[in-house]
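Please treat every number below as a calculation from the coordinates, not as lab data. Values in this document were obtained by computation on a predicted structure and should not be read as measured data.
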Amino acid sequence: MNCQTHATRYPALAVPAPPAITPAGVVRAWRALAARLAAWAVQRRRAADDLDLLAGMSERELHDLGISRSSLQAIAAGAWTRDRADALDPGRGAID
């Protein structure tokens, strides 16, 4: 009977030991987290500024852009696309 372990018999399948946690690694992780939070804050500020700009427009200005007031939140969140709106309402944007 062979008494080899699974790791010695199949070394390519052996699970490596997790890397040691070092103070430098912790600092890098915190800096990466801070950078991601800063990027998120910038994105949220831009979305809020865009929403303020669009909300200040008249119905005519919004119509000229091909959007409706009910779409403003989706536009600011980045979830709205003109192609999707046109697919739902092919006559959208047509001037009467």
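Converting phi to 3J(HN,Hα) with the Karplus coefficients 6.51, -1.76 and 1.60 and the offset θ = phi - 60°, region 36-51 yields 5, 5, 5, 5, 5, 5, 5, 5, 5, 5, 4, 4, 5, 5, 4, 5 Hz in sequence order, with x at every glycine or proline. If the segment from D49 to A32 were pulled out straight at 0.36 nm per residue, it would be longer than the present Cα-Cα gap by 3.5 nm.
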